[in-house]
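One structure is given here, and the rest of the page talks about it.
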Amino acid sequence: MFNAIVSADTLRATLDSVSVLVDECKIHLTDEGIEIRAVDPANVGMVDLRLDATAFESYETDGGIIGVNLSRLEEFAGMADAGQLIQLELDEETRKLHVQIDGLEGTLALIDPDSIRQEPDLPDLDLPARVVLEGKDIDRAVTAADMVSDHIALGVETDEEAFYVDAEGDTDDVHFELGRDDLIDLVAGDAHSLFSLDYLKDMNKAIPKDAEIEMELGEEFPVKMHFDIAEGDGTVTYMLAPRIQSD
Amino acid sequence: MFNAIVSADTLRATLDSVSVLVDECKIHLTDEGIEIRAVDPANVGMVDLRLDATAFESYETDGGIIGVNLSRLEEFAGMADAGQLIQLELDEETRKLHVQIDGLEGTLALIDPDSIRQEPDLPDLDLPARVVLEGKDIDRAVTAADMVSDHIALGVETDEEAFYVDAEGDTDDVHFELGRDDLIDLVAGDAHSLFSLDYLKDMNKAIPKDAEIEMELGEEFPVKMHFDIAEGDGTVTYMLAPRIQSD
Amino acid sequence: MFNAIVSADTLRATLDSVSVLVDECKIHLTDEGIEIRAVDPANVGMVDLRLDATAFESYETDGGIIGVNLSRLEEFAGMADAGQLIQLELDEETRKLHVQIDGLEGTLALIDPDSIRQEPDLPDLDLPARVVLEGKDIDRAVTAADMVSDHIALGVETDEEAFYVDAEGDTDDVHFELGRDDLIDLVAGDAHSLFSLDYLKDMNKAIPKDAEIEMELGEEFPVKMHFDIAEGDGTVTYMLAPRIQSD
């Protein structure tokens, strides 16, 4: 059983955070809320999302897992205006999801969860550097890097206490640096890793520009990025595997 | 002889209402105003438009018919700002239309009316159900139906006194219902017909979102939709033939 | 040596004025400011631009010429918000240009000036007619002409004291006329020349809609257009060669 009412904004932020990486996902329905974990087909980018029951106007479930085509559900959610409420109700018999918005009622076929790519385990890394910055700074770094390269290095200057982004193209380079004063928080530590820009661009699409993003970084290690959705009643963690650095 | 001045907004609303169905049309010039009737090449969608002489700033004609390439005339009308006036003047000798907007003067070649597809007779149907609703509700229904199907059923629930829209896709469905309270007016009667969504999407483009639309419906019958343009000094009627329902 | 700080708006207006005609250009660095002259590959459209040292927040150079890929530098300049400052600094050794915007630092490879098409001499023509008009009127004329033709005639009616634009298509024509009252200034004189609309459309993209444009015209002669950028601390001159008139 699953019957919940949620604001269009919250539902869309939730779905968008996952759909930048995968087309389909499993949604775990628990007493505490919903949980989604997914990894892209190349096993490079992962997402771990939790949306608490408190993020919903009303929330009832006796547990279970449903498989969802994200772009279809996003289309349905897109029918609602920003302030509107969306009711989601699982029809156990037909394995369809009823989506209600005002007078509008959609029925969405669910996907057999067993047919969806297995969920990843997000490794519990102890990364030496920690940076907290605004989403718009990630946007700025990613956009600048994209002008010159398809790779991006993220790192921390331990001496100068600064977070930096480096992108080296064939002829042109970009370097973006945020000192302690430009950052919300910084725990300096050895960190420098190279990433595929395509993944970071996709994740950047779902990162709210006005949110605080907590980044964990290491030396040729994955980067983790955490941010809140639903005014703190939900969290998203992205993890992106590094590329092997070529010299 | 034809010499008229009309606001850019009114001319554009008039032309757009017809151009969603056909590329060329005949414009009847009469003492009372202009009239356009047209049917799409497949004989499925029809439009009947009347723009009264009172909708014009000034209007003079001794009658006649002119043939117009709608997209060309729309381009010329598009040169005017929203509040500006457009003067239309027929040059009888060259069979060209002079279009004047402020200092700008365009000359538009007319089309021989005899070369334009014959005008349809809009049958005088006595349809059992009548629904009056806002244009934005048609937009909402059409957009929702378009997510799942290329057909759309329009009907009236006589018991519940509600207008409904149904679209059934291969896996997903949409149902949109407006009760008596959500409608401006309702005359309940047996009505359920299936239509091609493409036509309704085209008509929807020209239907003002904030206008009252009067819909007449029947059981496997065409739908008629009436609305005003030019603040009531003009009316548009669309008629759309039903598709044969497959079971 | 070259080290300058300039507002993003000014730099962008400067680059856009030139990039509508060419992909690469030489920038002359002088005590008085920067100068750019360029001609398109077909030798039809020319630009002559001057941006005074006073247009910069700070400006230092000991002279020289740098070769620039305009779209790359425009991309870098595009990273700045409208009000932001951009620092440009030449690295003499690497022949690269450092571009700094807030924490963001880009390095742009310059082009060997000798590999860039030779700069044109803008002939010092004594054209008989002079028209001063608003940029938005040029936009209006070009947009209207574009509906019917790929050529455009610019001329002056000496009797009626009016500037006119004529475009003749296969079936439709456009005529746009601005009398003395619609113009900021007019020195009437024999003038009528035909131009390729493509070039004028490109130049129109860079002409500020709210600026005063001074046009010099003759009888089958090039047209010159002058306008200010950087609030008068810079000027742009376009010159466009006429097409041979076919009868």
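Applying the set (1) over 15 Å from the mean Cα position of the chain (by Cα); (2) of a type in the set (Val, Ile, Thr); (3) buried (at least 20 other Cβ atoms within 10 Å of the Cβ) to C:Ile207 leaves exactly one unmet item: (1). Candidates B:Val174, B:Val132: the one that is under 29 Å from B:Arg37 (Cα atoms) and in a strand (DSSP E or B) is B:Val132.
Of the strands (runs of 3 or more DSSP E) contained entirely in region A:9-52, those carrying at least 3 residues that are under 12 Å from A:Leu122 (Cβ atoms) fall at A:33-39, A:45-52. Checked against (1) over 21 Å from B:Phe221 (Cβ atoms); (2) surrounded by 17 or more Cβ atoms within 10 Å (Cβ to Cβ), B:Leu127 passes all but condition (1). Scanning region A:78-86 turns up at least one residue that is assigned to a strand (DSSP E or B), within 22 Å of B:Glu168 (Cβ to Cβ), away from chain B (no Cβ under 11 Å) and under 22 Å from the mean Cα position of the chain (by Cα). Condition check: farther than 30 Å from A:Val68 by Cβ and without any contact (Cβ under 8 Å) to a residue 12 or more places away in the chain. Does B:Asp210 satisfy that? So B:Asp210 fails the test. I'd like to know if region A:215-226 contains one or more residues that are under 24 Å from C:Leu108 (Cβ atoms) and either outside the structural domain of A:Ala42 (by TED's automatic domain parsing) or touching a His at 6+ places or on another chain (Cβ under 6 Å) (or both). No, every residue in region A:215-226 fails to be under 24 Å from C:Leu108 (Cβ atoms) and either outside the structural domain of A:Ala42 (by TED's automatic domain parsing) or touching a His at 6+ places or on another chain (Cβ under 6 Å) (or both).
If you go through region B:37-73 and keep only what is more than 14 Å from every other protein chain (Cβ to nearest Cβ), among the aliphatic types (A, V, I, L, M) and under 20 Å from B:Glu92 (Cα atoms), you end up with B:Ile65, B:Ile66.
All of C:Ala53, C:Ala82 fail the test of being surrounded by fewer than 21 Cβ atoms within 10 Å (Cβ to Cβ) and over 30 Å from A:Asp146 (Cβ atoms), apart from C:Ala53. Here C:Leu186, C:Leu194 are screened, and the one residue that is in contact (Cβ under 8 Å) with a residue 12 or more places away in the chain, buried (at least 18 other Cβ atoms within 10 Å of the Cβ) and out of contact with any Phe, Trp or Tyr (no Cβ under 7 Å at 6 or more places or on another chain) is C:Leu194. Inclusion of C:Lys224 among residues that are charged (D, E, K, R) and assigned to a helix (DSSP H, G or I) is not warranted. The listed residues are A:Asp166, A:Asp181, A:Asp159, and the only one of them that is in a loop (DSSP other than H, G, I, E, B), free of Cβ contacts under 8 Å to residues at least 24 places away in the same chain and either over 18 Å from C:Asp102 (Cβ atoms) or within 11 Å of chain C (Cβ to nearest Cβ) (or both) turns out to be A:Asp159. Filter region A:88-99 down to the residues that are within 14 Å of chain B (Cβ to nearest Cβ) and part of a loop (DSSP other than H, G, I, E, B), then identify the one that is surrounded by the fewest Cβ atoms within 10 Å (Cβ to Cβ). Taking the candidates together, the pick is A:Thr94.
Taking the conditions (1) of a type in the set (D, E, K, R); (2) within 30 Å of C:Ile5 (Cα to Cα); (3) more than 22 Å from the chain's Cα centre (by Cα) in turn, C:Asp159 satisfies each one other than (2).
When every residue of region B:102-114 is checked against the conditions, at least one turns out to be at pLDDT below 95, surrounded by fewer than 19 Cβ atoms within 10 Å (Cβ to Cβ) and of a type in the set (D, E, K, R). Restricting region A:105-155 to residues that are under 30 Å from B:Val174 (Cβ atoms) and under 20 Å from the mean Cα position of the chain (by Cα) leaves a set whose member that is nearest to the other protein chains (Cβ to nearest Cβ) is A:Ile116. Of the set (1) touching a Lys or Arg at 6+ places or on another chain (Cβ under 9 Å); (2) away from chain B (no Cβ under 11 Å), all apply to A:Asp102 but (2). Within region B:135-151, residues that are more than 12 Å from B:Val165 (Cα to Cα) sit with their Cβ atoms under 6 Å from residues that are of a type in the set (Val, Ile, Thr), at 6+ positions apart or across chains, in these pairs: B:Gly135/B:Ile207; B:Gly135/B:Ile213; B:Val148/B:Val174. Quick check on region A:57-74. Is at least one of its residues under 23 Å from A:Gly232 (Cα atoms), hydrophobic (A, V, I, L, M, F, W, C) and within 15 Å of the chain's Cα centre (by Cα)? There is at least one residue in region A:57-74 that is under 23 Å from A:Gly232 (Cα atoms), hydrophobic (A, V, I, L, M, F, W, C) and within 15 Å of the chain's Cα centre (by Cα).
Every test in (1) farther than 12 Å from A:Ala230 by Cα; (2) crowded, with 19+ Cβ neighbours inside 10 Å is passed by A:Val6 save one, and that test is (1). Take the conditions surrounded by fewer than 17 Cβ atoms within 10 Å (Cβ to Cβ) and under 17 Å from A:Asn3 (Cβ atoms) and apply them to A:Asp62. Does it pass? So A:Asp62 fits the description; yes.
Being within 19 Å of B:Leu21 (Cα to Cα), assigned to a helix (DSSP H, G or I) and of a type outside the set (Ser, Thr, Tyr) holds for only one residue in B:Asp137, B:Asp202, and it is B:Asp202.
The values are calculated or read from the model by the stated rules, or taken from the named source; none is laboratory data. Keep in mind it's a predicted model, so treat the numbers as computed, not measured. All Cβ positions, even for glycine, are placed from backbone atoms using ideal geometry, and neighbour counts span all protein chains on display.
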